[in-house]
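Trainee: Supplied in structure tokens, the structure appears directly below.
The values are calculated or read from the model by the stated rules, or taken from the named source; none is laboratory data. Bear in mind the structure is a predicted one, so any value in this text is a computation, not a measurement. Note that we place each Cβ from the backbone using ideal geometry, even for glycine, and neighbour counts take in every protein chain shown.
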Amino acid sequence: MTRPEEAQAAAAVLMVRPARFARNPETLASNKFQSRVAAPTDVATLARAEFDHAAAALAAAGIRVHVFDGRATGECPDEVFPNNWVSFHADGTTVLYPMLAPSRRRERRNEFLQALQAEHGYAITRTVDLTSQENAGRCLEGTGSLVLDRPQRTAYSCVSPRTDPAALAEFAMQLDYECIVFNATDARGQPIYHTNVLMSVGSRFAVVCLPAIAETRAREAIVSRIERSGRTLIDITLEQMHGFAANLLELEAADGAVIALSARAYAALENHQRERLAAAGRLLTIEIPTIETYGGGSLRCMLAEVHLPLQADSGSREPNENDAHEH
């Protein structure tokens, strides 16, 4: 089947404003980026303030931001990270993913997908539902588990309790992707829970924590593929990775590429690395310390890129000042 060409960077994102943000005890075992220190009593209020600032900053930068409210009832402490349960693709495909933690499975919201179509004019022509993999104990947590080179239809993925090779193979078959699968560990030899904390791929760059990939053949395969794609490779250290320096996302505004990253990630980078990133797009830095500390994920994790086509009769709509507050 011939698929439409897909750009690397999306012009729109889906975000979920967290109703009950908290440190999730179900995810502590596999997410070593998540603080074990007790969270302050007002952690949910702090997280919502950071979220609102992030959504407004992205909209001001020219990104179309579709914000949906989190669940008023039921515990979903990680719902601020929607990229783990859904991904959107240029041929109209939406993918729903199997999640490890029971609380995270409650984050999946069909009404968000319906609103993208009915209220915002996107076309969803196919839904690939991988969630039955949960019944066999297999997980694949969206574009946390998968770092996608969309034009080349290549998926980079490190194996972890959140990323099962069998679930990955099902994704590859359904979406016609080639997968580069590897093992990656932190400084203590623990598996890295999500691929998107050790690497990111933009249109003209790739940030990778090569020291996290111990196996020489796998490391060389990743470097070779990135270099053959014509991208600039920005290698970071394990310490920088733990500062979320790879957890960033390129987006597309009307005036060009925007590279969104947290203030913590920006501070972790060296000047020469920032310069190489800035050569590929305008850097947009946003402070989200509460979300990073107690959620164990950074700005990229908060953004589910909307690559969906517009419905034939909807026409295109330019981003406006209200987009950061759409529900």
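Trainee: Test Cys179 against the stated conditions and say whether it is surrounded by fewer than 22 Cβ atoms within 10 Å (Cβ to Cβ) and in contact with a helix residue (DSSP H, G or I) (Cβ under 8 Å, 6 or more places away or on another chain).
Mentor: Yes; evaluated as a whole, the condition is true for this residue.
Trainee: Any residue in region 134-151 that's within 21 Å of Cys301 (Cβ to Cβ): show its pairings with residues that are assigned to a loop (DSSP other than H, G, I, E, B) and aromatic (Phe, Trp, Tyr) at Cβ separation under 7 Å, as long as the two are six or more apart or on different chains.
Mentor: From residues that are within 21 Å of Cys301 (Cβ to Cβ), the pairs are Leu140/Tyr97; Glu141/Tyr97; Gly142/Trp85; Gly142/Tyr97.
Trainee: Right, here's the next one. Quickly run through region 162-176 and pick out the residues that are surrounded by 14 or more Cβ atoms within 10 Å (Cβ to Cβ) and part of a loop (DSSP other than H, G, I, E, B).
Mentor: Hits for region 162-176 are Arg162, Asp164.
Trainee: Which residue out of Val159, Val147 is farther than 18 Å from Arg225 by Cα and buried (at least 17 other Cβ atoms within 10 Å of the Cβ)?
Mentor: Every option except Val159 fails the conditions.
Trainee: Here's something else I'd like to know. Looking at (1) within 30 Å of Leu277 (Cα to Cα); (2) out of contact with any Pro (no Cβ under 9 Å at 6 or more places or on another chain); (3) at pLDDT 95 or above, which is the one condition that is false for Leu113?
Mentor: Of everything listed in (1) within 30 Å of Leu277 (Cα to Cα); (2) out of contact with any Pro (no Cβ under 9 Å at 6 or more places or on another chain); (3) at pLDDT 95 or above, Leu113 misses just condition (1).
Trainee: So in region 70-103, with the set limited to residues that are under 13 Å from the mean Cα position of the chain (by Cα) and assigned to a strand (DSSP E or B), which one is farthest from Ser160 (Cα to Cα)?
Mentor: Among those residues, the one meeting the criterion is Phe88.
Residue-wise test of (1) at pLDDT 65 or above; (2) among the basic types (Lys, Arg); (3) in contact with a strand residue (DSSP E or B) (Cβ under 8 Å, 6 or more places away or on another chain).
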{"site": "Met1", "(1), (2), (3)": "no, no, no"}
{"site": "Ala7", "(1), (2), (3)": "yes, no, yes"}
{"site": "Pro18", "(1), (2), (3)": "yes, no, no"}
{"site": "Ser30", "(1), (2), (3)": "no, no, yes"}
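Trainee: Of all the residues that make up region 237-284, how many are free of Cβ contacts under 8 Å to residues at least 40 places away in the same chain, outside any helix (DSSP H, G or I), out of contact with any strand residue (DSSP E or B) (no Cβ under 6 Å at 6 or more places or on another chain) and surrounded by fewer than 20 Cβ atoms within 10 Å (Cβ to Cβ)?
Mentor: Qualifying residue count for the region: 3.
Trainee: Count, please, the residues in region 173-225 that happen to be modelled with pLDDT of 95 or more and touching a Gly at 6+ places or on another chain (Cβ under 6 Å).
Mentor: 1
Trainee: Could you tell me whether Arg108 is without any contact (Cβ under 8 Å) to a residue 60 or more places away in the chain and charged (D, E, K, R)?
Mentor: So Arg108 fits the description; yes.
Trainee: Taking only region 185-216 into account, find how many residues are in contact with a Phe, Trp or Tyr (Cβ under 7 Å, 6 or more places away or on another chain), surrounded by fewer than 22 Cβ atoms within 10 Å (Cβ to Cβ) and in a strand (DSSP E or B).
Mentor: Total meeting the criteria: 0.
Trainee: Confirm whether Thr293 is closer than 22 Å to Ala47 by Cβ and surrounded by fewer than 21 Cβ atoms within 10 Å (Cβ to Cβ). Walk me through it before giving the result.
Mentor: On the way: closer than 22 Å to Ala47 by Cβ: yes; surrounded by fewer than 21 Cβ atoms within 10 Å (Cβ to Cβ): yes.
In short, yes.
Trainee: Consider only pairs whose beta carbons are under 7 Å apart and that are at least six residues apart or on different chains; among these, list those whose first residue lies in region 202-225 and is closer than 16 Å to Thr185 by Cβ and whose second residue is crowded, with 17+ Cβ neighbours inside 10 Å and of a type in the set (Lys, Arg).
Mentor: If the second residue must be crowded, with 17+ Cβ neighbours inside 10 Å and of a type in the set (Lys, Arg), the pairs left are Leu210/Arg219; Ile213/Arg219.
Trainee: Could you go through region 91-104 and let me know if any residue there is out of contact with any Phe, Trp or Tyr (no Cβ under 6 Å at 6 or more places or on another chain), under 19 Å from Asn183 (Cα atoms) and at pLDDT below 95.
Mentor: Checked against the condition, which is being out of contact with any Phe, Trp or Tyr (no Cβ under 6 Å at 6 or more places or on another chain), under 19 Å from Asn183 (Cα atoms) and at pLDDT below 95, region 91-104 yields at least one hit.
Trainee: Among the residues of region 173-190, how many are at negative phi and free of Cβ contacts under 8 Å to residues at least 40 places away in the same chain?
Mentor: Within region 173-190, residues that are at negative phi and free of Cβ contacts under 8 Å to residues at least 40 places away in the same chain number 8.
Trainee: Here is a further query. Can you work out which of the residues in region 217-236 that are in a helix (DSSP H, G or I) and not charged (D, E, K, R) is farthest from Asp149 (Cα to Cα)?
Mentor: Ranking the qualifying residues of region 217-236, first place goes to Ala218.
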